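What follows draws every value from the coordinates through simple rules; no lab data is involved. Bear in mind the structure is a predicted one, so any value in this text is a computation, not a measurement. Using ideal geometry, Cβ is built from the backbone for each residue, glycine included, and neighbour counts are taken over all protein chains shown.
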Amino acid sequence: MRTKTDLRNLTQEELVHYVESLGQPAFRGRQIMAWLYRPGITEFSQMTDLAKEFRSKLAEHARIYRFEDPLIQRSSDGCVKFGFTLEDGKVIESVLIPEPDRNTLCVSSQVGCAMNCSFCLTATMGFTRNLTPSEIVNQVCAVGGFLRNEPKSKLIGPDRVTNLVFMGMGEPLNNLENLIKAISILTEQRGLDMTNRRITVSTCGIANKMTELGRKTDVNLAISLHAVDDKTRDALMPVNNRFSLEELLQACRDFPMPKRKRIMFEYILLKGINDSDKEAHELARILRDIPCKVNLLPYNESPGLPFKSPSRNRVYAFQKIIRDAGYSVFIRTSRGEDISAACGQLAKQKQKQKEVNDA
């Protein structure tokens, strides 16, 4: 039996080619794109500006895959973690971070992660596979549906997803082809109509793929740096054995970026490992010729991992050194720790799917 084509895997250009293969004019592909991401559209029969015969043909050859019945966990600080079961039974997680003026969704790009960063709980899962464009985009669609259905009294931010960060499970640049397709769908006016400036892709340092990301998209780039010398970074992040710190920084210098944009460097502060005044001064030095800003992340302590978070005073002292060197530097407040939704804490849900309500 032939497998039906999941149309949410296709960019608008690919949809045009697909309908042409079915003997239809190109504009039908653009019509379908305009329907695929409307709320409540689950069947081709609902696409009323398509001929009935063509709708029947689509139903025979294609499908619209979507996520249903996710596991939902709510944090005391308003964050919501979603566990989505894929068609092969694997589970991925996304995290909604609401604020009064925005809803940021932390999106996964792979099932598990192969990068094996020593401080990251997701690394303990290992790597299973890449997500398809549909599986990436459907995280946004599902959470958008959740927000539309939430009682207004429970909403902290808007009733839609406004910002995306590819900082969930997986290394996005190791799934670059599908990532770029997903971004095309997310930003297509007939698709989800999001703006590039509200999408951020984070990488742990896949230096040889950064230029392609910058050439094919106009999204924001974040670098998980976490160390200022190769010895420390080798120990924390095995990717540094493939792409040294200097190779990564050179890729940042070469990254095609409009003058108005800056690269965000993420730096997890680990007590006694990378949080000294000396390392703060070195961080300021090595970033001096890269248009950037710095996010400091006090470590989210996880059971089974040996790392500790530095004191608040140590974090402030580190920040002051960077700020005094002329950088914009922020301390990211951890969100969703009570449901293991904070940075580096996503891991596969073992339990059966059920919704956990705080009502």
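Near ILE331, the amide H atoms lying under 5 Å from its own belong to LEU296; only residues 5 or more places off or on other chains count, and H is placed 1.01 Å from N. Legend: calculated FRET efficiency, ASP277 to LYS231, from the Cβ-Cβ distance at R0 = 25 Å, rounded to 0.05, equals 0.85.
Could you calculate the contour length gain from ARG55 to PHE27, that is, 0.36 nm times the residue separation minus the distance between their Cα atoms, to one decimal place in nm?
On the way: separation 28, 0.36 × 28 = 10.08 nm, distance 1.47 nm.
Length gained, ARG55 through PHE27: 8.6 nm.
Listed by Cβ neighbour count within 10 Å, with the fewest neighbours leading, SER202, SER21, SER153 appear as SER153, SER21, SER202.
Between ARG66 and ALA114, full extension at 0.36 nm per residue minus the direct alpha carbon distance yields a gain of 14.7 nm.
Put in order of Cβ neighbour count within 10 Å, fewest first, the listed residues PHE265, PHE146 become PHE146, PHE265. For LYS152, the aspartates and glutamates whose Cα falls under 15 Å of its own Cα, not counting residues fewer than eight places away in the same chain, are GLU99, ASP101. Here the Karplus relation 6.51 cos²θ - 1.76 cosθ + 1.60, evaluated at θ = phi - 60°, turns the backbone of the range 255-272 into coupling constants of 4, x, 8, x, 4, 6, 9, 9, 7, 9, 9, 8, 9, 6, 8, 10, 4, x Hz, with x for every Gly and Pro. 3J(HN,Hα) along the range 42-48, derived from phi through the Karplus expression 6.51 cos²θ - 1.76 cosθ + 1.60 where θ = phi - 60°, amounts to 10, 10, 5, 4, 7, 8, 6 Hz, with x in place of Gly and Pro.
Where both bridge residues fall in the chain, DSSP classifies roughly 40% of the beta bridges as antiparallel.
State whether the range 5-63 is rounded, prolate or oblate according to the following rule on the C-alpha gyration tensor (a ≥ b ≥ c being the square roots of its eigenvalues): a/c under 1.5 gives rounded; otherwise a/b larger than b/c gives prolate, and the remaining case gives oblate.
rounded
Residues of the range 77-93 falling in the label zone of ARG129, defined by backbone nitrogen less than 14 Å from a point 7 Å along Cα to beta-carbon, are 85-92. Taking amide hydrogens as placed 1.01 Å from N in the peptide plane, the amide H of PHE127 sits under 5 Å from those of CYS113, each at least 5 positions away in sequence or on another chain. Can you list residues from other chains, or at least 5 along the same chain, whose modelled amide H is less than 5 Å from the amide H of SER202? Excluding prolines and chain starts, which carry no amide H, the hits are PHE166, ALA222. Expressed to the nearest 5 percent, the antiparallel share of DSSP beta bridges inside the range 98-206 is 45 percent.
How much FRET efficiency would the formula 1/(1 + (r/R0)^6) give for THR5 and LYS216, where r is the Cβ-Cβ distance and R0 is 25 Å, rounded to 0.05?
On the way: r = 23 Å, r/R0 = 0.93.
The calculated FRET efficiency here is 0.60.
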